[in-house]
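Here is the structure we will look at, set down as structure tokens.
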Amino acid sequence: MAEMAAEGKQPEILFWVGCAGSFDERAQKITRDICKILNYVGISFAVLGTEESCTGDPAKRAGNEFLFQMQAMTNIQVLDGYHIKKIVTGCPHCFNTIKNEYPGLGGNYEVIHHSQLIQQLIDEGKLKAEGGESFKGKRITYHDPCYLGRGNNVYEAPRKALEILDTELVEMKRCKSNGLCCGAGGGQMFKEPEKGTKDINIERMSDVLESKAQIVAAACPFCMTMLSDGVKHENKEQEIQVLDIAEITVRANGL
Amino acid sequence: MIAQILFIIILAAAVYLFSKNAGKIRRNILLGKDTDRSDNPALRWKTMAKIALGQTKMVKRPVAAVMHFFIYVGFIIINLEVMEIMIDGIFGSHRIFSKPLGSLYGLLIGGFEILAVLVLTACVVFLARRNIVRLKRFSGTEMTEWPRSDANYILIIEILLMTAFLTMNAADHKLQLLNFGHYIKAGSFPVSHFVGNLLPGNADSLEIIERGCWWFHIIGILAFLNYLPYSKHFHILLAFPNTYYSNLNPKGEFTNMATVTNEVKAMMDPSFVPETSAEPMRFGAKDVTDLTWKNLMEAYTCTECGRCTSVCPANQMGKLLSPRKIMMDTRDRITEVGNNIDKHGKDHQDGKALLDNYITREELWACTTCNACTEACPVNINPLEIITEMRRYIVMEESQAPASLNNMFGNVENNGAPWKYSNADRFNWKERS
């Protein structure tokens, strides 16, 4: 972003990568795939790079409002400094925080999740499922991230990205507003679970297995980690792949 | 005449006692902190119409939805009949609506009877679900003796009231056929004329039965009214204001604490002067009075149906957290605080608090903030907000977050990411393409 600003250019959209998208090896791949999609359709975009910082989401959910607001206000200063108007992000937590909680602190942007961007591009005819890997005959199911689904009522956009594939889309028993959490939210990703009989992501695997899906589509880097761990736990790595909506789109278009 | 005076005294006492106890609940709710829910009245009315009046969130569980609908419609519509009973009781009249309503009256009474049967059926099914089938949703650590009995009492009272109503009609119908006394031919009795076969034939016994059931029914209703403030059944009243004052923002959005905003602004810009508030403040909630009046209203609205707990991922995994318990604990504690005020005056401290005395930290830290509980609640109760407020207290006032979360806070503060990665490496994802 700094480079673009130095050249006096303004991107159409800012891609908010998020901490997972920046540091988590699996999520980094999704980050690169989102960039591929943006490049493919010719949207000019920028990333903040080292100027980006945690939105404060995990701190806020865990009760540390101070830390959250410090992060938020710092980020808002950076974003406003670059006159950012529109943001796309690959993380439902960043999406929810910037979209819903930053306005109250003075940060007003149009924020979309990458699944919504993909839906828009499909609707505009700029993205199809052509020229890449065929998903024909594969059973795909979609896991709703809490902060995209229940949190912000985005249920259809990610499904749209899957509907254009020539494939069999199946729903899990608990889906959409009834979707079961992957277990990572609310700060759980960063702490040991409380005592219980089972881990939540393992419970979610029973829904995945029941759906007989070969591909579980995710739209959140934290769900990605939890679901992948669940598949590993069940020793189903050969049979079941966990892929982000962006990865599926990139593969289907051979990008 | 004596009967009329007696009726008026009982009615007045019942209304007085109910207003007093309902007033106490109102007072208790207003012990909560202020929060503004006066915006967007049009959408609020719509939400209330849809969710409380239209019961749209009940349909996710169809059996319960249909049965509950019978009782709900029965309750509301049979109240028209109760109005007539009240007027008859005060003025000593009998079936006063029958003349002005003409043939419509027969239709109404007939309709009430059919509804009464539906209510009876639903109550029996509900009793069976709780006591014979023993649905998992109705058990759990918080479902101790009293909440279980409370549910059964409500259903049994409703069964008794409906039975009395039908028996009263049956006796009345038979007396009408005998042209006895003031029992004018009025109403239609599609259900109770079957019950009539079980009743004696002579007019005197019939009159005793009719009067007996009439008094039992109306005193039962007034007693039930006074039971409400002590019971989860209070939801029949609070469901309406509670949905009116619903959170209209996206569920993922948590409140931004204005007090914190002031401090952060002052920290980032030394020239910033916040509007000072004289009141010493506490971050987050340790006790019920740190919560908002809306949180407390929700606690009194909760009817302990357990939909929240049954969809809670933490609860399903055998963890201590149960969103229903959060609401019940909040209600029990604010009731206790209210009782203390009544007994010992406004400033009494009992040395107890919602945190630790009612809700343990282990429960609070098990929440994934997934919003399944708020989505499931048929009357838009939000246990998550209480959990968050209590976490805020633990973190910001006590600095007692679990060690692993403190590490995460440290990382966010120092590296701008929840993990221990250097911020300089944030753009490294680009290299590996």
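The values are calculated or read from the model by the stated rules, or taken from the named source; none is laboratory data. What you see is a predicted model; the values in this text were computed from it and never measured. Positions of Cβ are generated from backbone atoms using ideal geometry, with glycine treated the same way; all protein chains shown enter the neighbour counts. Surface accessibility is based on the protein's heavy atoms, side chains included, excluding ligands, DNA and RNA. Shrake-Rupley method; radii C 1.70, N 1.55, O 1.52, S 1.80 Å.
Things to note:
- In the range B:349-388, the residues that are over 18 Å from B:MET328 (Cα atoms) and of a type in the set (Ser, Thr, Tyr): B:THR368, B:THR369
- The residues in the range A:170-188 that are within 8 Å of chain B (Cβ to nearest Cβ), open to solvent by 60 Å² or more (accessible area, probe 1.4 Å) and assigned to a loop (DSSP other than H, G, I, E, B) can be counted, and the count is 0.
- Checked against (1) open to solvent by less than 40 Å² (accessible area, probe 1.4 Å); (2) touching a residue at least 24 places away in the same chain (Cβ under 8 Å), B:ASN40 passes all but a single condition, namely (1).
- Pairs, first of a type in the set (S, T, N, Q) in the range A:37-51, second surrounded by fewer than 16 Cβ atoms within 10 Å (Cβ to Cβ) and assigned to a loop (DSSP other than H, G, I, E, B), C-beta under 7 Å, six or more apart: A:SER44/A:GLU12
- Any hit, the range A:55-62, residues being of a type in the set (A, V, I, L, M, F, W, C) and either within 25 Å of A:ALA6 (Cβ to Cβ) or open to solvent by 10 Å² or more (accessible area, probe 1.4 Å) (or both): no
- Of the helices (runs of 4 or more DSSP H) contained entirely in the range A:189-255, those carrying at least 2 residues that are open to solvent by 30 Å² or more (accessible area, probe 1.4 Å) and either farther than 25 Å from A:HIS93 by Cα or among the basic types (Lys, Arg) (or both) fall at A:200-211, A:221-233.
- Of the listed requirements (1) among the basic types (Lys, Arg); (2) away from every other protein chain (no Cβ under 11 Å); (3) surrounded by fewer than 19 Cβ atoms within 10 Å (Cβ to Cβ), B:LYS325 misses just one: (3).
- Look at (1) within 8 Å of chain A (Cβ to nearest Cβ); (2) among the hydrophobic types (A, V, I, L, M, F, W, C); (3) closer than 20 Å to B:ALA314 by Cα; (4) assigned to a helix (DSSP H, G or I) and you find that B:VAL395 fails only one, number (3).
- Of all the listed residues (B:GLY110, B:GLY74), the sole one being at pLDDT below 95, crowded, with 19+ Cβ neighbours inside 10 Å and part of a helix (DSSP H, G or I) is B:GLY74.
- Of all the numbered requirements in (1) more than 14 Å from chain A (Cβ to nearest Cβ); (2) open to solvent by less than 10 Å² (accessible area, probe 1.4 Å); (3) without any contact (Cβ under 8 Å) to a residue 60 or more places away in the chain, B:ALA314 misses one, and that requirement is (1).
- Residue satisfying all of: in the range A:73-113; of a type in the set (Asp, Glu) and open to solvent by 50 Å² or more (accessible area, probe 1.4 Å); farthest from the chain's Cα centre (by Cα) among these: A:ASP80
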